[in-house]
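Since the structure comes first, as structure tokens, the remarks are kept for the end.
The values are calculated or read from the model by the stated rules, or taken from the named source; none is laboratory data. Not measured: the values here are computed from a predicted model. For neighbour counting, all protein chains shown are included, and Cβ atoms are generated from backbone atoms with ideal geometry for every residue, glycine included. These accessible areas exclude ligands, DNA and RNA; they are computed on the full protein's heavy atoms, side chains included. Shrake-Rupley method; radii C 1.70, N 1.55, O 1.52, S 1.80 Å.
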Amino acid sequence: MARTMAAVYGSRADAERVAQALADEGIERRHIRIADTSTRQDYERRGESGGGFWSWLFGGDDDAWNSDVEYYDEGLGRGGVVLTVDAEDRRAGRVEQILEAHGGRVEEGGRAATAGEGARPTTAAARGTRGEEVLPVVEEQLRIGKRAVTRGGVRVYTRVSERPVEHDVRLREERVHVDRRPVDRPATAGADAFRERSIEMEETREEPVVAKEARITEEVVLSKDVQDRSATVRDTVRRTDVEVDRGGAGDFESDFRTHCTQTFGGQGLTYEQCAPAYRYGYTLGSDRSGHADWTATEADARRRWEERNPGTWDRFGPAVRYAWERGRGQQRAA
């Protein structure tokens with residue numbers, strides 16, 4: 001046996017992610033259908049045979065879905081996307097988990113895998129015939145990530161500049177001097193004394209020769225110090241709480257109003273401001289599974305109150321306790 005399960009999502013991208021998660025679980029893609037407003041328009045424009053748009057989406061004739069089409073039509077009108085999946089009974093539980101894990105409101109119906117009859121989603125009213133109503137408790141969770149943000153930096157440039165330099169250097173210079181000295185002595189050279197000769201003596205001088213050598217005289221090193229720091233992230237998260245009113249709190253409203261005026265009148269609080277505390281305390285006191293002693297109850301009551309109303313227990317705690325005592329008394333009387 002197989003059943004058709006349906007859910008509404010905020011965007012097609014969300015629905016595609018769900019379809020991929022279902023495929024990863026072994027659901028064949030041909031058993032998964034995704035439709036948005038444009039899908040409906042294309043279907044109607046093509047004039048497909050074999051039934052209307054809703055019968056294609058859910059697998060049956062339109063008349064069988066009249067009581068449920070309004071809900072899904074409203075979802076499409078808000079820009080939502082409807083995803084339907086045909087799942088075998090043995091996989092239905094896992095499929096429902098996947099649909100709900102991605103934020104979908106799951107509706108389901110059943111049809112024989114070979115019969116070809118349309119599976120009609122079970123609405124909230126139909127669930128009531130099984131003796132139960134489901135109110136989801138939705139709670140936001142704070143997820144904190146990190147990202148790198150440029151906060152400035154250091155930029156180092158190199159430029160070429162010139163400056164004049166001068167150095168003193170000693171240079172040697174030669175000059176040839178010719179001196180004539182009177183001499184009177186016998187010539188011993190003989191015939192060579194009258195041979196013509198020439199003598200040369202070179203003069204030299206030193207000139208400065210300039211050469212330049214590039215040398216590294218300093219290094220500029222850029223580095224970063226990395227430090228970890230702690231940051232406190234403060235935000236608010238929302239939660240839906242289901243309060244059980246057994247019908248008896250209204251019997252004490254007059255009493256609660258009087259107590260509010262006497263206890264909180266000097267603080268400028270109205271009964272409308274205090275009423276949630278009285279209802280909360282009365283609900284706790286009416287719970288048969290709760291503690292019979294306020295001392296044992298207070299810590300848990302305070303924690304749960306502070307989760308929804310941070311920093312207000314000291315202000316409204318007396319109202320909670322007063323209503324709790326009335327609820328316990330009503331339970332004992334019953």
Exercise for the section: Find all pairs meeting these conditions: Cβ atoms under 7 angstrom apart; at least six residues apart or on different chains; first residue within region 14-32 and in contact (Cβ under 8 Å) with a residue 24 or more places away in the chain and farther than 11 Å from V85 by Cα; second residue outside any strand (DSSP E or B) and among the aliphatic types (A, V, I, L, M). Expected result: A21/I98; E25/I98
Practice task
Only residues in region 181-204 that are part of a loop (DSSP other than H, G, I, E, B) count as the first member; pair them with residues that are modelled with pLDDT of 90 or more and surrounded by 10 or more Cβ atoms within 10 Å (Cβ to Cβ), Cβ under 6 angstrom, at least 6 apart or cross-chain, and list the lot.
Solution key: E203/E174; T204/E174
Handout entry: The listed residue being of a type in the set (A, V, I, L, M, F, W, C) and in contact with a Leu (Cβ under 9 Å, 6 or more places away or on another chain), out of V233, V183
Key = V233
Practice task
Say whether the condition of being of a type outside the set (A, V, I, L, M, F, W, C), part of a loop (DSSP other than H, G, I, E, B) and surrounded by 10 or more Cβ atoms within 10 Å (Cβ to Cβ) is met by at least one residue in region 160-177.
Solution key: yes
Practice task
Please tell me if A323 is open to solvent by 70 Å² or more (accessible area, probe 1.4 Å) and either modelled with pLDDT of 90 or more or within 24 Å of E139 (Cβ to Cβ) (or both).
Solution key: no
Practice task
Please state which of the following conditions F256 fails to meet, knowing it meets all the rest: (1) at pLDDT below 85; (2) among the hydrophobic types (A, V, I, L, M, F, W, C); (3) in a helix (DSSP H, G or I).
Solution key: (1)
Problem - Subset of region 290-310 [over 19 Å from E140 (Cα atoms) and of a type outside the set (D, E)] - result: G290, H291, A292, W294, T295, A296, T297, A299, A301, R302
Practice task
Would you check if there is a residue in region 209-232 being in contact with a strand residue (DSSP E or B) (Cβ under 6 Å, 6 or more places away or on another chain) and farther than 30 Å from R143 by Cα?
Solution key: no
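Residues being of a type in the set (A, V, I, L, M, F, W, C) and open to solvent by 40 Å² or more (accessible area, probe 1.4 Å): count how many of those fall in region 253-265. Before you say what the answer is, go through the steps one by one.
First, pick out the residues of region 253-265 that are of a type in the set (A, V, I, L, M, F, W, C): 256, 260, 264.
Filter once more, keeping what is open to solvent by 40 Å² or more (accessible area, probe 1.4 Å): none.
Of the residues in that region, 0 qualify.
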